[in-house]
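Take a look at the structure below.
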Amino acid sequence: MADKKRVTYLIGAGASANALPVVNGMNERMKVFYDLLKDIHNVQDKKLASLKEFEDLKALLDKITTHNTIDTYAKKLKYREDEKNYALLKRFLICYLLYEQADKRKYSKLKGDVDISKITLDSIIDEKDDNSFNSDLFDKIDIQLDSRYDSFLASLLNTEKTLNPNVNIVSWNYDMQFELAYSDFWNDKIHIDKIQKDLQVFPKGISQILDFSKSAIIKINGTGNYITEDGLLFFDIINESFYEEEFINVLFKILFNAEHTIKNILNANSQLKFAWENDEQVNKAREYASQIIRDSDAIVIIGYSFPTFNR
């Protein structure tokens, strides 16, 4: 930008709508994810969860879908000090976001010739009548990336594959659409942690300090993922396929066996933060976002509707 004007893009849920559902489509898609978990559980020789654990998750999902947004019910649980269901809701939301964005084109047969990727969608389509079935909503389940991020980054990246230092992004979204789009500008698949470093995604770990001489992507609500004690994202959705057995097994451990799961998940921190949470990462992200916006000459708003929770 020759005139050196500082531009900040404020990103909301609508910016990812071609890959991730906005509020009016999320409930149905979360139900698809839950049904898929049950189907996977049913075809596995080794059961990954108990009936009681599925019943608890279904009861939580039923409560979520009776509210306008998942955030509404999450805030109720927080105010009620229902820490068990609050933690389960966050784990479910993270796992759901991973499901939506992980590569689902490659899959392994989990048992015999069963194509688990088609069981759920085919059964859902059969159950819907012509009046209630939204084919467009379900067609997008296999879409990993909203293609608009490609053109957006293409217009902003320089020859060194970095963003102009006068351009910053503040996002309310939990997704990893910027990271996915950026990976397509490389010949080989690169690790998601390198991508977040190159794009200076914040927050990512307590010790991270923002370099204001470079562009940054500030995620006000964090990222739908986990971070290890080494500061690495636990799920690399760029290089991992959802239908890989290890990917699925770890999702089940997070959802249903959190207190008994493998050590590096137990020691991992959730990177998803709701708007009312006030831990160190959230407060620092808000502080940085405020400074960036205050120092901007122009703010461009994309897919954002200023919901009450975020005002």
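The values are calculated or read from the model by the stated rules, or taken from the named source; none is laboratory data. Since the structure is predicted, the reported quantities are computational estimates derived from the model, not experimental observations. FYI the Cβ positions are ideal-geometry reconstructions off the backbone, even for glycines, and counts take in every protein chain you see. To get the accessible areas, we keep the full protein, side chains included, count just its heavy atoms, and leave off ligands, DNA and RNA. Shrake-Rupley method; radii C 1.70, N 1.55, O 1.52, S 1.80 Å.
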Original post:
Taking the stated definitions as given, is Ile40 farther than 21 Å from Tyr243 by Cα and open to solvent by less than 30 Å² (accessible area, probe 1.4 Å)?
Top reply: no
Subject >> Residues (among the hydrophobic types (A, V, I, L, M, F, W, C), part of a helix (DSSP H, G or I) and surrounded by fewer than 23 Cβ atoms within 10 Å (Cβ to Cβ)) located in segment 181-194 >> reply: Ala181
**OP:** Go over the candidates Ile237, Ile209 one by one and state the one that is in a loop (DSSP other than H, G, I, E, B), open to solvent by less than 40 Å² (accessible area, probe 1.4 Å) and on the phi < 0 side of the Ramachandran plot.
**Re:** Ile237
Original post:
of a type in the set (Lys, Arg), surrounded by 14 or more Cβ atoms within 10 Å (Cβ to Cβ) and at pLDDT 85 or above, is that true of Lys219?
Top reply: yes
Subject >> Selection count, segment 123-164, where residues are at pLDDT 90 or above and in a helix (DSSP H, G or I) >> reply: 9
**OP:** Could you please give the count of residues in segment 29-53 that are of a type in the set (Lys, Arg), closer than 15 Å to Asn249 by Cα and assigned to a helix (DSSP H, G or I)?
**Re:** 1
Original post:
Could you give every pair whose Cβ atoms fall below 9 Å, whose first residue belongs to segment 139-156 and is within 23 Å of Val32 (Cβ to Cβ), and whose second residue is open to solvent by 80 Å² or more (accessible area, probe 1.4 Å) and modelled with pLDDT under 90, counting only separations of at least 6 or pairs across chains?
Top reply: Asp142/Arg105; Gln144/Arg105
Subject >> Hits in segment 170-180 - residues which are open to solvent by less than 10 Å² (accessible area, probe 1.4 Å) and among the charged types (D, E, K, R) >> reply: Glu179
Subject >> Neighbours by Cβ (under 6 Å, 6+ apart or cross-chain): first from segment 2-31, within 26 Å of Ser296 (Cα to Cα); second part of a helix (DSSP H, G or I) and modelled with pLDDT of 90 or more >> reply: Thr8/Ile292; Thr8/Ile293; Ser16/Gln177
**OP:** Any chance you could count how many residues in segment 43-60 are touching a His at 6+ places or on another chain (Cβ under 9 Å) and either open to solvent by less than 50 Å² (accessible area, probe 1.4 Å) or modelled with pLDDT of 85 or more (or both)?
**Re:** 3
